[in-house]
Amino acid sequence: MSLHVSDPYAHIVDKARWSHAHGRNVSHILAADVDAARLFCYGYRSQTIGAFHATRVAIEAEDKETGPYVDTCLYQARVVLEELEAKAVDPVVPDHRALISTLYAYDQWTNVVVEVLGKASARGTHPRLESIRNLFLQNIQKVTAGNGLYIARDLELPEQGSFVVPDLDISIAPIIYGDNHSWNAAFLAGNRPGVSVHRHHQGAEIHLGYSPVSGHTILGDSFSEVNEGYAMPIPPMTDHGFFNTSGHDHVVPFVFGSTKLAGWGVFFDVEPRPGELVKRKEQPLESEAMNHSVFLEREIAKMKTGKGFSRQVLVPAHRAGSEAIGGLELALTRAGRDLEIPSDHYRIVSIQSGKARIRIGEAEAEVGAHDHFGIPADMECTLTPRGEEPVVFLDAMLLPVNKSELDPLENLVSTRSRA
């Protein structure tokens, strides 16, 4: 079983190979090729903590008494997977380098992993290796077998595609990764209390809750009881967590962003903080103490009842960020009719209702509720609604934050933990 690729993918990768074979000649690379390469690169980037990291961890668990030949294969796979993980901090530039450098490296290195895992599993001495290889192929082929538009569903989190956060012991699956921010899902088992209280030194978050949910969402010295969907902005150096009282498994989607750490910095910029020992005061969700969090599902329901185009910023960038790392903006939009979505920054879109056809560059795809996709900076997405149900979507961007915007927050001691 080899890596399956689509015609659009094969077409631009062949151009990259030709370029490398002819002294990095780029005269044949068109603007459309660069656009397609950028889309495929971001599809690969969304596998950073999932397929790349999780596969490496799975290999390390099997790498015991494998013998010289298999040991060499697994060592090579681990080294290359580490390089694929590290690639996520490199910029995806809007010129020929996106094709002949970034995408070419992703293609070459993933094929090396497939090849050496195939050689190792062919020995038959470690049956689990074949499963590891097949799961890696399944995850990567969601990128290579497509047309560049990587669509991720939050109801279909992949096997061998999650990350256990050190010191918090929760599983996180990446959904979409942009330049400096990411949309993820944290899995909370029903027999566990939830997300331990922690904070990030150089990262900001927005926690998203969807029904059915029951628990306490924690921010600084305060908490709110939540029994419906919410969006909570979390600045850096702010204690936060979630106490799950539902008794059943629960998934907490969240957005993480930082210009200093890139979209996946959440996984190592974590400091566990006192939880049960801190006396926190219950506050209304929308209060100043809870950083003016939002009843998310109420806002989505209201947006569905309207007509025509409408866009509402639910979380302004200064509420979840700082001047040093930028801020996360979360907005809610009703498409109305055909909609052009431009942006100077990478935008992650989460469809909440309705069906639509989207087009970015020359790539098109059908999307519906629970689908997520990314729009690279300086590329425009055309969204065409399909059907009677209104198309409503959330989108998140990491934007610059001015100090003047942060001044009102400096006195909100209750929302920030003391160092």
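Tell me the label-point distance for the pair TYR75, GLU340, using the 7 Å Cα-to-Cβ offset, in nm and rounded to one decimal.
5.6
With no solvent and one point per C-alpha, what does the Debye sum give as log10 I(q)/I(0) for the chain at q = 0.10 Å⁻¹?
Log10 I(q)/I(0), no solvent term: -0.70.
Could you tell me what % of all Cα pairs in segment 288-331 have separations over 16 Å? Numbers along the way, then the final one.
On the way: 458 of 946 pairs.
So the pairs more than 16 Å apart make up 48 percent of the total in segment 288-331.
Could I have the simple spin-label model distance between VAL89 and GLU130, label points 7 Å from Cα toward Cβ, reported in nm to one decimal?
3.9
Using Cα atoms only, what is the angle between the long axis of helix 104-122 and the major principal axis of the chain, expressed in degrees (0 to 90) to the nearest 10?
70
Leaving out ligands and nucleic acids, and using a 1.4 Å probe, what accessible area per residue does segment 255-408 come to in Å²?
On the way: 6950 Å² over 154 residues.
Per-residue accessible area for segment 255-408 comes out at 45 Å².
Could you give the distance between the Cα centres of segment 120-136 and segment 222-254, to the whole Å?
What the calculation gives is 39 Å, centre to centre.
Dividing the Cα convex hull volume of segment 232-391 by residue count, how many Å³ per residue is that? Each step should come with its number before you reach the end.
Details: hull volume 24.6 nm³, N = 160.
Looking at segment 232-391, the number lands at 154 Å³ per residue.
Quick one: which residues, 5+ away or cross-chain, put their amide H under 5 Å from the amide H of SER310? H built at 1.01 Å from N.
ARG334
In whole Hz, with x marking every Gly and Pro, tabulate ³J(HN,Hα) for segment 348-356 from phi via Karplus 6.51 cos²θ - 1.76 cosθ + 1.60, θ = phi - 60°.
Working through the residues one at a time gives 9, 10, 10, 6, 9, 7, x, 10, 8 Hz.
How about segment 146-236: which GluC sites (Glu not before Pro) there are in a DSSP loop, with at most 16 other Cβ atoms within 10 Å of their Cβ?
Numbers: sites: GLU156, GLU159, GLU205, GLU225, GLU228; in loops: GLU156, GLU159, GLU228.
Within segment 146-236, the qualifying GluC sites (Glu not before Pro) (loop, at most 16 other Cβ atoms within 10 Å) are GLU156, GLU159, GLU228.
Calculate what fraction, in whole %, of the accessible area of the chain sits on carbon and sulfur atoms when a 1.4 Å probe is rolled over the protein chains. Could you put the intermediate results ahead of the total?
Working: 8740 of 17460 Å².
Result for the chain: 50 percent of the exposed heavy-atom area is carbon or sulfur.
If R₀ is 22 angstrom, what is the calculated FRET efficiency for the pair GLU286 and SER246, using the beta carbon separation as r and rounding to 0.05? Numbers along the way, then the final one.
On the way: r = 22 Å, r/R0 = 0.99.
Between GLU286 and SER246 the formula returns 0.50.
Taking θ = phi - 60°, what integer Hz values does the Karplus form 6.51 cos²θ - 1.76 cosθ + 1.60 yield along segment 228-240, in sequence order, with x for Gly and Pro?
Once rounded to whole Hz, the list reads 7, x, 8, 10, 10, x, 10, x, x, 6, 10, 4, 7.
Normalised by the empirical 2.2 N^0.38 Å for globular proteins, what value does the Cα Rg of segment 52-144 take?
Working: Rg = 14.0 Å, N = 93, 2.2 N^0.38 = 12.3 Å.
Output field value: 1.14.
Please tell me which of these pairs span more than 32 angstrom C-alpha to C-alpha: LYS15/LYS142; LYS64/LYS87; LYS15/LYS87; LYS260/LYS302; LYS279/LYS304; LYS15/LYS64?
Working: LYS15/LYS142 21 Å; LYS64/LYS87 28 Å; LYS15/LYS87 21 Å; LYS260/LYS302 36 Å; LYS279/LYS304 39 Å; LYS15/LYS64 41 Å.
Too far apart for the 32 Å limit: LYS260/LYS302; LYS279/LYS304; LYS15/LYS64.
Report the calculated FRET efficiency for GLU65 and ASN25 (r = Cβ-Cβ distance, R0 = 56 Å), to the nearest 0.05.
On the way: r = 48 Å, r/R0 = 0.86.
Approximately 0.70, to the nearest 0.05.
Out of segment 292-360, which chymotrypsin sites (Phe, Trp or Tyr not before Pro) are coil in DSSP terms and have no more than 13 other C-beta atoms within 10 Å? Before the final figure, lay out the partial values.
Numbers: sites: PHE295, PHE309, TYR346; in loops: PHE295, PHE309, TYR346.
Counting only loop positions with at most 13 other Cβ atoms within 10 Å, the chymotrypsin sites (Phe, Trp or Tyr not before Pro) in segment 292-360 are PHE309.
Determine the gain in length on full extension of the stretch GLU389-GLN138; use 0.36 nm per residue of separation and subtract their C-alpha separation, reporting nm with one decimal.
Contour length minus Cα-Cα distance gives 87.1 nm.
From the convex hull of the Cα coordinates of segment 1-100, what is the mean projected area in square nanometres?
7.9
For segment 318-381, give the magnitude of the charge dipole about the Cα centre (Cβ charges: +1 Lys/Arg, -1 Asp/Glu; no others), in debye to the nearest 20.
Values: 7 positive and 11 negative charges, 71 e Å.
With Lys and Arg at +1 and Asp and Glu at -1, about 340 debye.
In Å, what Kirkwood hydrodynamic radius results for segment 309-392 from the alpha-carbon pair distances?
Numbers: mean 1/r = 0.0737 Å⁻¹.
Over segment 309-392, the inverse of the mean reciprocal pair distance is 13.6 Å.
Could you tell me the distance between the Cα centroids of segment 85-107 and segment 283-335, to the nearest Å?
Cα centres, segment 85-107 to segment 283-335: 33 Å.
So what is the diffusion coefficient of segment 105-203 in µm² per second by Stokes-Einstein at 37 °C and 0.692 mPa s, using a Kirkwood Rh over Cα pairs?
Numbers: Rh = 16.2 Å.
Estimated diffusion coefficient is 203 µm²/s.
For the charge dipole of segment 260-394, defined by +1 on Lys and Arg C-beta atoms and -1 on Asp and Glu C-beta atoms about the Cα centroid, which residue among SER293, GLY326, PRO272 has the Cα displaced farthest towards the positive pole?
SER293
Compute from the Cα atoms of segment 196-249 the Rg and the Dmax, the latter being the longest Cα-Cα distance, and quote both in angstrom.
Final numbers for Rg and Dmax: 11.1, 33 Å.
Expressed as a whole number of Å, what is the distance separating the alpha-carbon centroids of segment 38-82 and segment 337-351?
One Cα centre to the other: 33 Å.
So which trypsin sites (Lys or Arg not before Pro) in segment 56-117 end up in coil per DSSP with only 12 or fewer other C-beta atoms within 10 Å?
Values: sites: ARG56, LYS64, ARG78, LYS87, ARG97; in loops: LYS64.
Passing both the DSSP loop test and the Cβ count: LYS64.
With labels modelled as points extended 7 Å from the Cα through the Cβ direction, what inter-label distance (nm, one decimal) is found for ARG359 paired with ARG311?
With each label point 7 Å from Cα toward Cβ, the separation is 2.0 nm.
Taking only the Cα atoms of segment 170-261, how large is their convex hull per residue, in Å³? Intermediate values should be presented prior to the final figure.
Working: hull volume 7.7 nm³, N = 92.
Value for segment 170-261: 84 Å³ per residue.
The values are calculated or read from the model by the stated rules, or taken from the named source; none is laboratory data. Quick caveat, the model's predicted, so the values are computed rather than measured. Note that we place each Cβ from the backbone using ideal geometry, even for glycine, and neighbour counts take in every protein chain shown. Side chains are part of the model used for accessible areas, which takes the heavy atoms of the whole protein and leaves out ligands, DNA and RNA. Shrake-Rupley method; radii C 1.70, N 1.55, O 1.52, S 1.80 Å.
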